[in-house]
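This report refers to the structure that appears directly beneath it.
The values are calculated or read from the model by the stated rules, or taken from the named source; none is laboratory data. Nothing here was measured: the structure is a model prediction, and the numbers come from that model. FYI the Cβ positions are ideal-geometry reconstructions off the backbone, even for glycines, and counts take in every protein chain you see. The protein model used for the area step is the full one, side chains on, heavy atoms only, and it has no ligands, DNA or RNA in it. Shrake-Rupley method; radii C 1.70, N 1.55, O 1.52, S 1.80 Å.
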Amino acid sequence: MGKMRTQVGIVGAGPAGLFLAHLLHLTGIEAVIVEAKSRRYVEERIRAGVLEQGVRDLLVETGIGERMKLEGLLHHGINLRFGGEKRRIDFSDLADGQAVTVYSQHEVVKDLVAARIGAGGTIIFEAEDVRADGFEGQHPVIRFTAGGERHELFCDYIAGCDGSHGICRSSIPEGALTSFERVYPFAWLGILARAAPASEELIYAQHERGFALLSMRSPTISRLYVQVDPHEDLANWPDDRIWEELQIRLGGGTGWQLTEGPVLQKGITAMRSFVTEPMQYGRLFLAGDAAHIVPPTGAKGMNLAIADVRVLARALQSFYETGRTDRLEAYSATCLRRIWKVQRFSWWMTSMLHHFPEHTPFDHRRQLAELDYVTSSRVGGATLAENYVGLPFDDP
Ligand code: APR
Ligand code: PHB
């Protein structure tokens with residue numbers, strides 16, 4: 001049995017775990033990451049792709065923004081399509097010149113893994129049977145199997161960054177956490193296609209057949225989504241049917257046509273909103289998807305994960321530099337203030353843009369009026385823009 005020791009033991013090498021390790025390293029705190037999947041798997045996993053202004057700035061300030069600055073696409077607005085019209089929300093005007101950056105989550109992950117390994121950091125990939133123990137007391141330990149051998153990683157604190165199906169949250173005694181959840185009666189069928197994006201900026205479409213989204217990963221790769229039934233079988237969606245539905249919902253044939261191309265990947269994602277409170281139990285801190293899930297409509301999942309670990313890294317820095325634990329004790333409350341605002345925004349965008357089975361013609365008219373309002377009133381547009389580019393980090 002191998003015994004190891006570090007200051008902060010991190011479970012999960014997604015954006016939350018990797019960025020936490022990076023921030024800790026910059027302040028001289030040692031961390032080890034234990035990850036269930038392979039390096040290749042985490043570096044190729046297709047996920048989100050929109051970075052808030054503050055997250056972009058943070059990546060640049062902490063020295064890992066070089067490739068993002070070159071390859072990321074700066075977007076100064078988004079389009080909302082409804083009632084046969086396309087209208088733009090202009091961030092330059094409505095959000096003080098801030099912008100979002102379209103840059104894939106797996107590219108952020110690649111940059112972070114390279115930075116960790118380049119700095120001599122330890123990431124243990126393909127760990128099996130991972131367990132978090134001892135965090136109720138003074139001696140947290142992460143136990144796992146790697147290379148056929150059982151290991152123990154002793155640490156001062158454990159960061160549970162292991163996503164929504166991880167083991168950290170479920171290792172907290174039942175009754176210590178309260179969960180809040182909303183499950184939506186639809187899912188997104190997403191494709192990645194070798195096709196030049198037919199619009200420079202994202203198009204979020206509200207349509208009576210259901211929501212659709214045009215997004216992109218690069219000047220030659222489109223990322224597109226259509227709202228489908230949550231129990232839908234991918235087999236019912238051959239590529240032709242997906243393109244046809246995307247064309248209808250995004251307004252193809254009205255003097256504009258969606259560019260089609262080979263489908264490289266497709267999948268169906270369920271939609272839910274979820275928060276667990278508090279995000280801490282003893283010496284175990286939850287961050288990112290391990291603590292909360294947002295529906296993808298606001299493009300907030302990765303941004304929220306980064307915001308959590310920024311707070312956690314600062315709290316740990318305060319502890320290691322001064323011995324003070326007040327910031328660690330405030331971690332959950334500090335994060336939850338932002339999380340609930342982002343939950344509200346993601347729920348609101350989802351509600352405004354999707355077709356709900358229970359909707360009446362009244363609800364449909366109300367949705368159209370809301371879209372008309374946010375695209376015609378400065379104040380209405382500003383509330384969308386401010387949230388989309390990202391609320392300021394306002395913790396002390
Ligand atoms: N032991 C070790 N690692 C684990 C375990 C386990 N038992 N279970 C899961 N993991 C790993 C996963 O393989 C994954 O690499 O934890 C990592 C969690 O990463 P993410 O799911 O990417 O979560 P997070 O880092 O919080 O980032 C949130 O990811 O799901 C997207 O849309 C979401 O963009 C958001 C972002
Ligand atoms: C994406 O590009 O994958 C994407 C963009 C915006 C969203 C959700 C997903 O709101």
Notebook entry, point to check: Using 1/(1 + (r/R0)^6) with R0 = 56 angstrom and r between the beta carbons of Arg150 and Arg324, what's the FRET efficiency to the nearest 0.05?
Noted result: 0.95
Checklist line | Magnitude of the charge dipole, the stretch 228-378, Cβ model with Lys/Arg +1 and Asp/Glu -1, debye to 20 | finding: 920
Check: Looking at the stretch 201-268, which GluC sites (Glu not before Pro) are in a loop (DSSP not H, G, I, E or B) and have at most 16 other Cβ atoms within 10 Å?
Finding: Glu208, Glu232
Next item on the list: Please list the non-local residues whose amide H lies under 5 Å from the amide H of Leu264, H modeled 1.01 Å from N, same-chain partners needing a gap of 5 or more.
Entry: Leu192, Ala193, Arg194
Check: So what's the angle, to the nearest 10 degrees on a 0 to 90 scale, between helix 378-389 and the longest Cα principal axis of the chain?
Finding: 40
Note to self: Quick check: from the Cα gyration tensor, does the stretch 328-393 come out rounded (a/c under 1.5), prolate or oblate?
What the structure shows: oblate
Item checked: Carbon and sulfur %, accessible surface of the chain computed with the full protein complex present, 1.4 Å -> 50
Next item on the list: Could you please report the charge total around Leu74, scoring K, R as +1 and D, E as -1 over all other residues with beta-carbon less than 12 angstrom from its beta-carbon?
Entry: -1
Checklist line | Karplus-derived 3J(HN,Hα), 6.51/-1.76/1.60, for each residue of the stretch 94-103, Hz, glycine and proline x | finding: 8, 10, 6, x, 6, 8, 10, 10, 8, 7
Next item on the list: Can you tell me how much longer the chain between Arg378 and Glu244 gets when fully stretched, taken as 0.36 nm per residue apart minus their C-alpha distance, in nm with one decimal?
Entry: 44.8 nm
Notebook entry, point to check: What does the charge dipole of the stretch 140-274 about its Cα centre add up to, to the nearest 20 debye, if the Cβ of each Lys and Arg holds +1 and the Cβ of each Asp and Glu holds -1?
Noted result: 120
Notebook entry, point to check: Helix 361-374: angle to the longest alpha-carbon principal axis of the chain, degrees 0 to 90, nearest 10?
Noted result: 80
Next item on the list: Indicate the gyration tensor shape class of the stretch 111-222 (rounded, prolate or oblate), computed on the Cα atoms with a ≥ b ≥ c the square roots of the eigenvalues: a/c under 1.5 is rounded; otherwise a/b larger than b/c is prolate and the rest oblate.
Entry: oblate
Next item on the list: Please give the helix 105-118 orientation as an angle from the longest Cα principal axis of the chain, in degrees from 0 to 90, rounded to the nearest 10.
Entry: 30
Check: For the chain, with only Lys/Arg (+1) and Asp/Glu (-1) charged at the beta-carbon, what is the dipole magnitude about the Cα centre, in debye rounded to 20?
Finding: 200
Next item on the list: Find me the longest stretch of the chain that has none of the exposed trypsin sites (Lys or Arg not before Pro), where exposed means in a DSSP loop (not H, G, I, E or B) with at most 14 other Cβ atoms within 10 Å.
Entry: 46-208
Item checked: Placed amide H near Phe211: partners under 5 Å, 5+ positions off or other chain -> Gln227, His355
Next item on the list: Could you let me know the centre-to-centre spacing of the stretch 328-396 and the stretch 138-200, using Cα atoms, in angstrom?
Entry: 25
Notebook entry, point to check: What is the gain in length, in nm to one decimal, between Phe356 and Gln257 on full extension, counting 0.36 nm per residue of separation less the C-alpha to C-alpha distance?
Noted result: 33.0 nm
Notebook entry, point to check: For the chain, with the dipole built from +1 on Lys and Arg beta-carbon atoms and -1 on Asp and Glu ones, taken about the Cα centre, which of Pro185, His22, Ser171 lies farthest toward the positive end?
Noted result: His22
Margin query: Tell me the relative contact order for the stretch 202-296 as a rounded percent, counting alpha carbon contacts under 8 Å between residues six or more apart.
Written below: 19
Check: What length, rounded to one decimal in nm, is gained on full extension from Ser170 through to Arg182, with 0.36 nm per residue of separation minus their alpha-carbon distance?
Finding: 2.4 nm
